[in-house]
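Visitor: One structure follows; several queries about it will come next.
The values are calculated or read from the model by the stated rules, or taken from the named source; none is laboratory data. Worth saying up front: this structure is predicted, and the values here are computed from it rather than measured. So basically every Cβ, Gly included, is an ideal-geometry build from the backbone, and we count neighbours across all protein chains shown.
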């Protein structure tokens with residue numbers, strides 16, 4: 001089954017749209033196929049699946065893992081709708097400090113590929129959302145990193161008037177205070 005791969009303004013971030021087949025029973029689509037992803041530049045071995053359930057206006061992020069446990073992610077919304085955000089934290093990149101966003105939902109089945117070197121987060125736009133994502137490295141608490149969600153330099157429009165953010169995410173540093181993890 002073919003997928004459509006579309007690069008965003010930061011070309012390393014890719015929206016993947018699977019071909020979906022619907023009838024009176026429901027729908028079916030493939031959400032990952034190693035050979036098709038590899039032939040479209042996403043030649044990554046995913047080693048862990050993560051699942052989160054969140055209420056409306058919850059912001060999770062902006063998270064990353066530091067090398068040598070850095071993670072690429074493939075994000076999929078099982079139910080609901082989110083604004084998914086990726087921030088380039090690669091110091092030598094021409095798009096360092098820039099961010100892109102994509103609305104993902106259970107209606108269009110789009111996925112977002114976020115490679116290593118990006119901080120990632122999302123905001124729930126529906127009443128609740130279930131988000132599943134594959135990662136290329138297992139979770140490692142000692143390699144956790146992040147940027148505060150409301151960093152004024154980034155000025156991300158989260159599309160939420162009353163965001164709900166965890167205490168730990170509210171204490172993450174500004175982008176300008178990050179070490180050079182990705183050079």
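Visitor: If I filter the stretch 31-47 for residues that are touching a strand residue (DSSP E or B) at 6+ places or on another chain (Cβ under 6 Å), at negative phi, assigned to a helix (DSSP H, G or I) and surrounded by 13 or more Cβ atoms within 10 Å (Cβ to Cβ), do I get at least one hit?
Guide: Checked against the condition, which is being touching a strand residue (DSSP E or B) at 6+ places or on another chain (Cβ under 6 Å), at negative phi, assigned to a helix (DSSP H, G or I) and surrounded by 13 or more Cβ atoms within 10 Å (Cβ to Cβ), the stretch 31-47 yields at least one hit.
Visitor: Then there is this: Return the residue satisfying two criteria in turn: it lies in the stretch 160-172 and is over 13 Å from residue 87 (Cβ atoms) and in a loop (DSSP other than H, G, I, E, B), and of such residues it is modelled with the lowest pLDDT.
Guide: 161
Visitor: Here's a follow-up. What's the number of the condition residue 179 fails, among (1) under 22 Å from residue 56 (Cβ atoms); (2) surrounded by fewer than 14 Cβ atoms within 10 Å (Cβ to Cβ); (3) at pLDDT below 95?
Guide: Just one mismatch for residue 179, condition (1).
Visitor: So, one more: Of the residues in the stretch 1-26, how many are free of Cβ contacts under 8 Å to residues at least 24 places away in the same chain and assigned to a strand (DSSP E or B)?
Guide: The number of residues fulfilling the criteria is 7.
Visitor: A further question on this structure: Select, from 107, 138, 116, the only residue that is farther than 25 Å from residue 3 by Cα and either out of contact with any helix residue (DSSP H, G or I) (no Cβ under 8 Å at 6 or more places or on another chain) or surrounded by fewer than 16 Cβ atoms within 10 Å (Cβ to Cβ) (or both).
Guide: Being farther than 25 Å from residue 3 by Cα and either out of contact with any helix residue (DSSP H, G or I) (no Cβ under 8 Å at 6 or more places or on another chain) or surrounded by fewer than 16 Cβ atoms within 10 Å (Cβ to Cβ) (or both) holds for just one of 107, 138, 116, which is 138.
Visitor: Residues of the stretch 49-75 being outside any loop (DSSP other than H, G, I, E, B) and over 21 Å from residue 18 (Cα atoms), which ones?
Guide: Those that are outside any loop (DSSP other than H, G, I, E, B) and over 21 Å from residue 18 (Cα atoms): 52, 53, 54, 55, 58, 59, 60, 61, 62, 63, 64, 65.
Visitor: Count, please, the residues in the stretch 133-171 that happen to be touching a strand residue (DSSP E or B) at 6+ places or on another chain (Cβ under 6 Å) and more than 30 Å from residue 37 (Cβ to Cβ).
Guide: So the answer is 4.
Visitor: Going by the structure shown, is residue 169 in contact (Cβ under 8 Å) with a residue 12 or more places away in the chain and surrounded by fewer than 15 Cβ atoms within 10 Å (Cβ to Cβ)?
Guide: It is false that residue 169 is in contact (Cβ under 8 Å) with a residue 12 or more places away in the chain and surrounded by fewer than 15 Cβ atoms within 10 Å (Cβ to Cβ).
Visitor: Please identify the pairs in which a residue from the stretch 49-65 that is touching a residue at least 12 places away in the same chain (Cβ under 8 Å) and at positive phi has its Cβ atom under 9 Å from the Cβ atom of a residue that is in a strand (DSSP E or B) and surrounded by fewer than 19 Cβ atoms within 10 Å (Cβ to Cβ), counting only partners at least 6 apart or on another chain.
Guide: Once the first residue is touching a residue at least 12 places away in the same chain (Cβ under 8 Å) and at positive phi and sits in the stretch 49-65, its partners that are in a strand (DSSP E or B) and surrounded by fewer than 19 Cβ atoms within 10 Å (Cβ to Cβ) give 57/164.
Visitor: Residues being touching a helix residue (DSSP H, G or I) at 6+ places or on another chain (Cβ under 9 Å) and modelled with pLDDT of 95 or more: count how many of those fall in the stretch 15-41.
Guide: 1
Visitor: Test residue 164 against the stated conditions and say whether it is touching a residue at least 24 places away in the same chain (Cβ under 8 Å) and either surrounded by fewer than 16 Cβ atoms within 10 Å (Cβ to Cβ) or in contact with a helix residue (DSSP H, G or I) (Cβ under 8 Å, 6 or more places away or on another chain) (or both).
Guide: Spelling it out, residue 164 is indeed touching a residue at least 24 places away in the same chain (Cβ under 8 Å) and either surrounded by fewer than 16 Cβ atoms within 10 Å (Cβ to Cβ) or in contact with a helix residue (DSSP H, G or I) (Cβ under 8 Å, 6 or more places away or on another chain) (or both).
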